[in-house]
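Let me begin by presenting the structure, written as structure tokens, before commenting on it.
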Amino acid sequence: MSVQDVAVLSPRARRRRRIRRRLLRRPLAVAGLVVALVFVVVAIFAPVIAPYDPGRSDFSAPLAGPSAEHLFGTDELGRDIFSRVVWGARASIQAGVLSTLLAMAFAVPIGLVAGYYRGWLDPVVARMTDVMLAFPFLILAVGLAAVLGPSLTNATIALAFAAVPVLIRVTRGETLALREEDYVRAAVANGASDTTILARHILPNMAGTLIVQATVWIPTAIIGEALLSFLGLGVQPPTPSWGVMLSAAQPFIDQAPRLVIFPGLAIFLATLSFNLLGDGLRDVLDPRTQT
Amino acid sequence: MRAFLLRKTGAALIVVFLASIVVFAGTRALPGDPALVLAGEDRTPQALEEIRAKYRLNDPVPVQYASWLTHALTGDFGESRRAGIAVGTTILDRIPITLELAFLSIIVALILGIPAGVIAAVKRGSAADYASGTLALVGLSIPHFWLGLLLILVFAVKLRLLPASGYVPFFEDPVENLRRMAMPALVLGTGVSAIVMRQMRSAMLDSLGADYVRTARAKGLAERQVIIGHAMRNSLLTVVTVVGLQLGGLISGAVITEQIFVIPGFGRLTIEAVNQRDYALIQGVVFVAAAGYVIINLLVDALYSVLNPRIRVSGQPG
């Protein structure tokens, strides 16, 4: 890009370029980004990538070892493990991404309003988040699964539910700090409406923090989905999911350890990639909360 | 100090009270007659009538709630579906097992996390720093239950060193008890140790740059003494809070760890309750978990205010 091209970019676009360049200078974050994208692509194109139907049993070759035909071997019902791991990415990415978006959709407006208007609303919201945080995540998920019934959708709702109080607190805290900024006062003096101030001035300025929070929550939700499915409270067999695969593999752990290793490795790599990306994004976007 | 603790206790009581409403509303959201839910196996018409009278199920909802709460506070959550065993007793029987697991896990987390964090901070930028940072990241990303399965694969299936699962009470056979608790505690402890390590490292970096550390060095104290006696002592404060905040995660972690290693604790009870659709038990388990978690947090706050006199004045932790 030439000097002139840069000159015509708006300040916001220039800022975005700077952030992108700073992120790309971190090899671990880039590796995380690439692997995370691979998982997303695999999840979207699972039917194209998987060589076999994940539910098709080949009874002539149960528990077969890795071969050219079956890259990761077959499971106890002769199903292709590689195809099942590929399809399992769908449930994981769906639970991870959708639960985060769902939680954001609830938490961000509540946090914004509570932090901006304060008044009686603020302590009410604070108590509400305290109560939600009082239920340990898995206990909450178990309770919800008991009331709603076990399924991927309900597991996603439970995961979103667990993220909401955390995100409300973050959004509220950011709003409290941002509403004291000079540009917000200037907007108030100019007669901007509250909606304009929240949407145009406060929300864009906490976007970095929210993106970091989302990236950090996705791996937690991926593990959460695997956990719930493992316990029989999430994805129901025969639908392939990494948690379901691990649960089914338990009795065969001494005969075919790869049944345990491949799905677990998939969960581990998916969470590790999002965690690496999250750490990198935090360094670039939200330097205050470095750990 | 007393005002601070009173305020915290008040807030905790309000949260427990609100949580009880959530649990109560949750069970009422279930389809079907709550009397059937609470009656367990014994579903004769007379038994159902008794339940209705005892829990005031024919009265308005607020009266029902008040009755439920007074019963719950005395530990009476109704009858479990498993013939005639009270939910309260079942829960009480299981809690000590989970407490032992949690205690051992925290010890594992501290033994792994504190030295790693201190070394990483003191030798900042060295190979040791990067190694422990990488391990912490792995510890945070690895799913506990998969780590548990891998440990079973290595130590029980391949090496045959430890039993894969099962539980022996501590007072029956302490050695066997610890042998069986070793893998679960390691699984549950590693995740927490990663967090302890990260916190310890950043707290140590802060205190190593502080004035009192420079003073200690200036007056000629040995480096060892500066690190252990001055920098580390102050950094341990943050670790107390961090460990406290992880206790909720430990309750969740215990659910899955106990499931994998077949330990009959509170966590396994939770899953049993859901699998058997034992609603009275689910309700009791969820409420006890929430109340227990709030109380633990209150104790952590209290401990923190004892350890750190500054917050007694400002009233704000941290």
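Worth a mention:
- The residue that is surrounded by the most Cβ atoms within 10 Å (Cβ to Cβ), among those in segment A:77-121 that are in contact with an Asp or Glu (Cβ under 9 Å, 6 or more places away or on another chain) and among the hydroxyl-bearing types (Ser, Thr, Tyr), is A:Ser92.
Residues checked against (1) within 14 Å of chain A (Cβ to nearest Cβ); (2) closer than 15 Å to B:Met200 by Cα; (3) crowded, with 17+ Cβ neighbours inside 10 Å:
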| site | (1), (2), (3) |
| --- | --- |
| B:Ile97 | no, no, yes |
| B:Leu101 | no, no, yes |
| B:Leu104 | no, no, yes |
| B:Ile111 | no, yes, no |
| B:Ala120 | yes, yes, yes |
| B:Ser126 | no, no, no |
| B:Ser132 | yes, yes, yes |
| B:Gly139 | yes, no, yes |
| B:His144 | yes, no, yes |
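- Failed item, numbered, when B:Val274 is tested on (1) in contact with a Ser or Thr (Cβ under 9 Å, 6 or more places away or on another chain); (2) among the aliphatic types (A, V, I, L, M); (3) within 14 Å of chain A (Cβ to nearest Cβ): (1)
- Residue in segment A:272-284 that is aromatic (Phe, Trp, Tyr), without any contact (Cβ under 8 Å) to a residue 40 or more places away in the chain and under 28 Å from A:Arg79 (Cβ atoms) present: no
- One residue stands out among those in segment A:142-153 that are without any contact (Cβ under 8 Å) to a residue 40 or more places away in the chain and in a helix (DSSP H, G or I): the one that is farthest from the other protein chains (Cβ to nearest Cβ), which is A:Thr153.
- Within segment B:146-161, the set of residues being more than 25 Å from A:Gly243 (Cα to Cα) and either within 11 Å of chain A (Cβ to nearest Cβ) or buried (at least 17 other Cβ atoms within 10 Å of the Cβ) (or both) comprises just one member, B:Arg160.
A quick yes/no check of all residues on (1) in contact with a Pro (Cβ under 7 Å, 6 or more places away or on another chain); (2) of a type in the set (Gly, Ala, Ser); (3) farther than 20 Å from B:Ile256 by Cβ:
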site: A:Ala114; (1), (2), (3): no, yes, yes
site: A:Ala141; (1), (2), (3): no, yes, no
site: A:Ala145; (1), (2), (3): no, yes, no
site: A:Ile168; (1), (2), (3): no, no, yes
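- Test: residue in segment B:291-314 that is touching a Phe, Trp or Tyr at 6+ places or on another chain (Cβ under 8 Å) and either modelled with pLDDT of 85 or more or among the acidic types (Asp, Glu) (or both): yes
- Counting only helices (runs of 4 or more DSSP H) wholly contained in segment B:156-273, the ones carrying 1 or more residues that are in contact (Cβ under 8 Å) with a residue 60 or more places away in the chain occupy B:174-208, B:233-260.
- Those residues of segment A:261-277 which are facing another protein chain (nearest Cβ under 9 Å), of a type in the set (A, V, I, L, M) and either surrounded by fewer than 23 Cβ atoms within 10 Å (Cβ to Cβ) or in contact with a Leu (Cβ under 6 Å, 6 or more places away or on another chain) (or both), in sequence order: A:Ile261, A:Leu265, A:Leu269, A:Leu272, A:Leu276
- Within segment A:30-57, the set of residues being more than 17 Å from A:Gln94 (Cα to Cα), surrounded by fewer than 16 Cβ atoms within 10 Å (Cβ to Cβ) and not aliphatic (A, V, I, L, M) comprises A:Pro51, A:Asp53, A:Gly55, A:Arg56.
- Residue check for A:Val164: of a type outside the set (D, E, K, R), crowded, with 19+ Cβ neighbours inside 10 Å and at pLDDT below 85: no
- Filter result (without any contact (Cβ under 8 Å) to a residue 60 or more places away in the chain and assigned to a helix (DSSP H, G or I)) within segment A:175-196: A:Ala177, A:Leu178, A:Asp182, A:Tyr183, A:Val184, A:Arg185, A:Ala186, A:Ala187, A:Val188, A:Ala189, A:Thr195, A:Thr196
- For segment A:181-199, a residue qualifies if it is surrounded by fewer than 17 Cβ atoms within 10 Å (Cβ to Cβ) and either out of contact with any helix residue (DSSP H, G or I) (no Cβ under 8 Å at 6 or more places or on another chain) or farther than 19 Å from A:Thr171 by Cα (or both), and the qualifying residues are A:Asp182, A:Arg185, A:Ala186, A:Val188, A:Ala189, A:Asn190, A:Gly191, A:Ala192, A:Ser193, A:Thr195, A:Ala199.
- Some residue of segment A:238-260 being surrounded by fewer than 24 Cβ atoms within 10 Å (Cβ to Cβ) and of a type in the set (Ser, Thr, Tyr): yes
- So B:Met204, is it within 14 Å of chain A (Cβ to nearest Cβ), surrounded by 15 or more Cβ atoms within 10 Å (Cβ to Cβ), at pLDDT 90 or above and within 26 Å of B:Leu245 (Cβ to Cβ): no
- Unique match (being within 28 Å of A:Arg90 (Cβ to Cβ) and either away from every other protein chain (no Cβ under 14 Å) or at pLDDT below 85 (or both)) among A:Ala226, A:Ala199, A:Ala214: A:Ala214
- Residue that is nearest to the chain's Cα centre (by Cα), among those in segment B:174-201 that are of a type in the set (D, E, K, R) and within 13 Å of chain A (Cβ to nearest Cβ): B:Arg198
- Index of the failed condition, A:Asp53 passing every other in (1) free of Cβ contacts under 8 Å to residues at least 60 places away in the same chain; (2) touching a Lys or Arg at 6+ places or on another chain (Cβ under 8 Å); (3) among the acidic types (Asp, Glu): (2)
- One residue stands out among those in segment A:229-243 that are in a helix (DSSP H, G or I) and farther than 18 Å from A:Ala50 by Cα: the one that is farthest from the other protein chains (Cβ to nearest Cβ), which is A:Ser229.
The values are calculated or read from the model by the stated rules, or taken from the named source; none is laboratory data. Keep in mind the model is a prediction, meaning the values are calculated, not measured. Because the Cβ atoms are built from the backbone with ideal geometry, glycine has one as well, and the counts that use them run over all protein chains shown.
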